Structures are given as structure tokens and as C-alpha cells.
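S.K.: This is the structure I want to talk about, given as C-alpha cells.
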Amino acid sequence: MDEKLKVYEGKMKKAYEFLEADFMTIRAGRANPHVLDKIKVDYYGTPTPIQQVGNITVPEARMIQIAPWEKTLIKSIEKAILSSDIGITPSNDGAVIRLVFPELTEERRKGLAKEVKKKGEDSKVAVRNIRRDGNEAFKKLAKEDVSEDEIKQLGDELQKMTDKFIKDIDKLVEEKSKEILTV
């Protein structure tokens, strides 16, 4: 593959991977430790990812358990979870914190599915913007003694790459929507 195309493929791949990571934080009725990925706990004045201050387990299908390595962190962890947007109230027994995920209502499932579609569309827009940037860069190559045919070929390759990533994004959106809507 041409070096000029690899740059744009890398950017498109990053857009896809960002969407994939973003989808992991959307809960679909089952307990998924990834919903905690964006939560930071105040650890001696430093915002620290929750995974670095305790052990996170999923003892049941709809429960996450957090066992902090220092018991003094329980209040900080609870506070961080309450101020996050995951919408679950933590409960603790002095040693561990439990997050019980309620069954999602039909309305909430549809709302989440809409959110997934919107995030998918945003990713497709990002991929198309990368294609546009690539095409503009290829047109500038005409000034550097690159043939019209070569520029056309680069544009065609970029379009094929764009189509592939758009298809992958659509597939990812479809899978996540199906997971959310499955009761």
C-alpha cells in the first residue's frame, strides 16, 4: 500500500477504535466493568482510574463488585460513581462496593439504541472527513509532478478504504443495537 494512503488508513482505524471503546462503556442490561472506564477517583489528590485503586469483579450477571485496596478509599469511590453519568447508586458493606444494574426498560433500551446510532453516524462523518482531507492532499500532489492517473488511483484506493470502514462501523452499530434491544 502506498505510504500516502497509510496515514489516512491509520486515522480511519483510530476513529473506528474510538467508537468501539465508546460502545464498551454503554451498558446493555448486563454488568460490564467497562462502564467504569471513564470514572476517576480522588486518590490522595490525584484523579486516578477506578481500576487502579481496587479489584473489579462481576460476581453475577447484573452486579459489579469493587474491592478497594485501601478501605479508606470506599467513600471516594462511592463519590466518584455517584457523580458519574452511569446512573447507578453504589452500596457498600464497609469492605466492598456493589453496583446492581437494574433491568433496562423498553424506553431506555430504545434511547440507548438511538444513542448508539448517533455515535455511529458521528464516526462515519469522521471517516468521511478523513477521506476529504486525503483527497485534498492528493490534489496538491499534482504540483509535485505526480501524474493524473496516480492521483486518480490514490483517490480510488482511499474511497475503497472509506467504504470498508463505513461498512465496519455499520456492522458495529448493528451488533451493539441488537445487544441493547435483546431482553
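The values are calculated or read from the model by the stated rules, or taken from the named source; none is laboratory data. The model shown is predicted, which means the values in this text are computed figures rather than measured ones. Methodologically, a virtual Cβ is constructed for each residue, glycine included, from the backbone with ideal geometry; neighbour enumeration extends over all protein chains shown. Just the protein is used for accessible areas: all its heavy atoms, side chains included, with ligands, DNA and RNA removed. Shrake-Rupley method; radii C 1.70, N 1.55, O 1.52, S 1.80 Å.
S.K.: Failed condition for ARG131, given (1) open to solvent by less than 10 Å² (accessible area, probe 1.4 Å); (2) in a helix (DSSP H, G or I); (3) not hydroxyl-bearing (Ser, Thr, Tyr), with all others met?
M.R.: (1)
S.K.: Of the residues in the range 136-148, how many are open to solvent by 80 Å² or more (accessible area, probe 1.4 Å) and either closer than 21 Å to GLU9 by Cα or not in a helix (DSSP H, G or I) (or both)?
M.R.: Counting residues in the range 136-148 that are open to solvent by 80 Å² or more (accessible area, probe 1.4 Å) and either closer than 21 Å to GLU9 by Cα or not in a helix (DSSP H, G or I) (or both) gives 4.
S.K.: Sticking with this one: Limited to the range 70-107, what total is found for residues that are exposed (fewer than 10 other Cβ atoms within 10 Å of the Cβ) and either of a type in the set (Phe, Trp, Tyr) or touching a strand residue (DSSP E or B) at 6+ places or on another chain (Cβ under 6 Å) (or both)?
M.R.: Residues that pass the stated criteria total 0.
Residue-wise test of (1) touching a residue at least 60 places away in the same chain (Cβ under 8 Å); (2) surrounded by 14 or more Cβ atoms within 10 Å (Cβ to Cβ).
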site: TYR16; (1), (2): yes, yes
site: ASP37; (1), (2): no, yes
site: GLY45; (1), (2): no, no
site: VAL53; (1), (2): no, yes
